[in-house]
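A.B. asks: Below is one structure. I have some questions about it.
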Amino acid sequence: MLIVLLGPPGAGKGTQAERLVKQLHLAYIATGDILRAAVKSGTALGQKAKEYMERGQLVPDEIVVEIVRERLADADCAAGAILDGFPRTVAQADALDKVLRDMGKKVDRVIYIEVEEEELLSRLTGRRVCRDCAATYHIKFNPPRVRNVCDQCGGELYQREDDSLTTVQERLQVYREQTAPLIDYYRKQGVLEVIDGNREMEEVYADILAAIEKGSD
Ligand code: ADP
Ligand code: AMP
């Protein structure tokens with residue numbers, strides 16, 4: 001089963017994916033996490049991606065498509081995967097369809113998490129992420145038990161540089177222009193499920209699970 005989580009930055013894709021992969025035993029592919037790890041370790045890929053990410057722009061399609069193509073070939077993806085933050089352009093979605101077709105697979109469900117813009121701003125500017133395991137918290141909505149310490153691995157929490165107010169605004173603009181067209185793209189394919197993400201994490205999670213189960217009937 002191949003599930004795409006679609007939605008603006010801050011919609012809760014990573015938060016919901018953390019739960020879904022545990023419950024459904026699917027591989028997890030978050031292009032943002034992969035790119036941040038590459039930037040941190042200073043690889044050639046990371047050096048290329050860094051300037052785009054700092055500005056809130058998208059990394060070029062060919063770079064992210066290659067990352068996902070390679071990752072989907074890993075053994076842990078055989079039973080299925082959750083894609084978080086990919087695809088983000090129509091060109092990426094077309095490329096994903098082709099990669100999957102070559103593997104005899106397809107996108108089974110696209111979970112579009114819809115959240116109002118004002119809410120996105122407070123979610124993103126209050127987000128904290130674990131340096132070691134990338135688990136996500138929020139200073140108000142989902143605080144860790146101990147301030148700035150990850151509940152899961154004890155790692156240090158930090159604020160992403162691109163979660164500053166100016167970069168967040170740029171990222172939302174990029175989303176509207178380049179990623180939002182994917183809503184219609186997947187609606188036309190008949191795989192789109194729209195979820196109201198303006199609610200408590202548990203309620204959103206229950207709806208997502210129901211949408212996935214409905215899809216596998
Ligand atoms: P995305 O992966 O879509 O960018 P995240 O999952 O990182 O979004 O969530 C963004 C921020 O909002 C995080 O700080 C997270 O803890 C918080 N968050 C996620 N879902 C909810 C929710 N339903 N209600 C309130 N805060 C949420
Ligand atoms: P995210 O962690 O999903 O919020 O992504 C953080 C940043 O990584 C984005 O603002 C982009 O610069 C880059 N990025 C992540 N996924 C993609 C993608 N599919 N296409 C292009 N850039 C991406």
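A.B. asks: Name the single residue, out of those in the range 120-160 being small (Gly, Ala, Ser) and at pLDDT 95 or above, that is nearest to ligand 1 (Cβ to nearest atom).
C.D. replies: Result: Gly126.
A.B. asks: Can you tell me which residue within the range 4-59, out of those that are over 24 Å from Glu170 (Cβ atoms) and among the charged types (D, E, K, R), is farthest from the chain's Cα centre (by Cα)?
C.D. replies: Among residues in the range 4-59 that are over 24 Å from Glu170 (Cβ atoms) and among the charged types (D, E, K, R), the one farthest from the chain's Cα centre (by Cα) is Lys22.
A.B. asks: Using beta carbons and a limit of 9 Å, which pairs, at least six apart or on different chains, have the first residue in the range 159-172 and farther than 12 Å from Thr125 by Cβ and the second one hydroxyl-bearing (Ser, Thr, Tyr)?
C.D. replies: Glu161/Thr167
A.B. asks: In addition: From the residues in the range 83-95 that are more than 10 Å from ligand 2 (Cβ to nearest atom) and not small (Gly, Ala, Ser), which one is nearest to the chain's Cα centre (by Cα)?
C.D. replies: If we take residues in the range 83-95 being more than 10 Å from ligand 2 (Cβ to nearest atom) and not small (Gly, Ala, Ser), then Val90 is nearest to the chain's Cα centre (by Cα).
A.B. asks: Would you check if Val68 is within 13 Å of the chain's Cα centre (by Cα), among the hydrophobic types (A, V, I, L, M, F, W, C), over 22 Å from Ile195 (Cα atoms) and in a helix (DSSP H, G or I)?
C.D. replies: When the stated conditions are applied, Val68 passes them.
A.B. asks: Given the conditions (1) more than 14 Å from ligand 1 (Cβ to nearest atom); (2) surrounded by fewer than 18 Cβ atoms within 10 Å (Cβ to Cβ); (3) modelled with pLDDT of 95 or more, report the number of the one that Lys40 does not fulfil.
C.D. replies: (3)
A.B. asks: Determine whether Asp97 is surrounded by fewer than 20 Cβ atoms within 10 Å (Cβ to Cβ), farther than 21 Å from Leu182 by Cα and either without any contact (Cβ under 8 Å) to a residue 60 or more places away in the chain or in contact with an Asp or Glu (Cβ under 7 Å, 6 or more places away or on another chain) (or both).
C.D. replies: no
A.B. asks: What's the number of the only condition in (1) away from ligand 2 (no atom under 15 Å from the Cβ); (2) in contact with a helix residue (DSSP H, G or I) (Cβ under 8 Å, 6 or more places away or on another chain); (3) farther than 25 Å from Leu72 by Cα; (4) not aromatic (Phe, Trp, Tyr) that Arg199 fails to meet?
C.D. replies: (2)
A.B. asks: Right, another one. Mind listing just one residue for me: the one in the range 14-32 that is of a type outside the set (Ser, Thr, Tyr) and within 23 Å of Glu62 (Cβ to Cβ) and, of those, surrounded by the most Cβ atoms within 10 Å (Cβ to Cβ)? Lay out the reasoning, then the answer.
C.D. replies: Within the range 14-32, the first condition is being of a type outside the set (Ser, Thr, Tyr), and the residues that meet it are 14, 16-27, 29-30, 32.
Going one step further and asking which of them are within 23 Å of Glu62 (Cβ to Cβ), we end up with 27, 29-30, 32.
On the way: Ala27: 18, Ile29: 24, Ala30: 20, Gly32: 20.
If we take residues in the range 14-32 being of a type outside the set (Ser, Thr, Tyr) and within 23 Å of Glu62 (Cβ to Cβ), then Ile29 is surrounded by the most Cβ atoms within 10 Å (Cβ to Cβ).
A.B. asks: Go over the candidates Asp108, Asp102 one by one and state the one that is away from ligand 2 (no atom under 16 Å from the Cβ), closer than 27 Å to Ile3 by Cβ and surrounded by 15 or more Cβ atoms within 10 Å (Cβ to Cβ).
C.D. replies: When all the criteria are applied, what remains is Asp108.
A.B. asks: Still on this structure: So, in the range 161-201, exactly how many residues are modelled with pLDDT under 95 and assigned to a loop (DSSP other than H, G, I, E, B)?
C.D. replies: Selection size over the range 161-201: 0.
A.B. asks: So, Gly197, is that one surrounded by 15 or more Cβ atoms within 10 Å (Cβ to Cβ), small (Gly, Ala, Ser) and under 16 Å from the mean Cα position of the chain (by Cα) or not?
C.D. replies: Working: surrounded by 15 or more Cβ atoms within 10 Å (Cβ to Cβ): yes; small (Gly, Ala, Ser): yes; under 16 Å from the mean Cα position of the chain (by Cα): yes.
Judged against the criteria, Gly197 is a match.
The rows are residues; the columns are (1) near ligand 1 (Cβ under 10 Å from one of its atoms); (2) in contact (Cβ under 8 Å) with a residue 12 or more places away in the chain.
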{"site": "Gly7", "(1), (2)": "yes, yes"}
{"site": "Ala17", "(1), (2)": "yes, yes"}
{"site": "His25", "(1), (2)": "no, yes"}
{"site": "Ala49", "(1), (2)": "no, yes"}
{"site": "Arg55", "(1), (2)": "no, yes"}
{"site": "Glu66", "(1), (2)": "no, no"}
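A.B. asks: Further question: Answer yes if at least one residue in the range 32-49 is of a type in the set (A, V, I, L, M), away from ligand 2 (no atom under 15 Å from the Cβ) and over 21 Å from Met103 (Cβ atoms), and no otherwise. Give the derivation first.
C.D. replies: First, pick out the residues of the range 32-49 that are of a type in the set (A, V, I, L, M): 34-35, 37-39, 44-45, 49.
Applying the additional criterion that residues be away from ligand 2 (no atom under 15 Å from the Cβ) yields 44.
If we keep only those that are over 21 Å from Met103 (Cβ atoms) as well, we get 44.
Yes, the conditions are met somewhere in the range 32-49.
The values are calculated or read from the model by the stated rules, or taken from the named source; none is laboratory data. Note that the coordinates shown come from a computational prediction; the quantities given were computed from them, not determined experimentally. For neighbour counting, all protein chains shown are included, and Cβ atoms are generated from backbone atoms with ideal geometry for every residue, glycine included.
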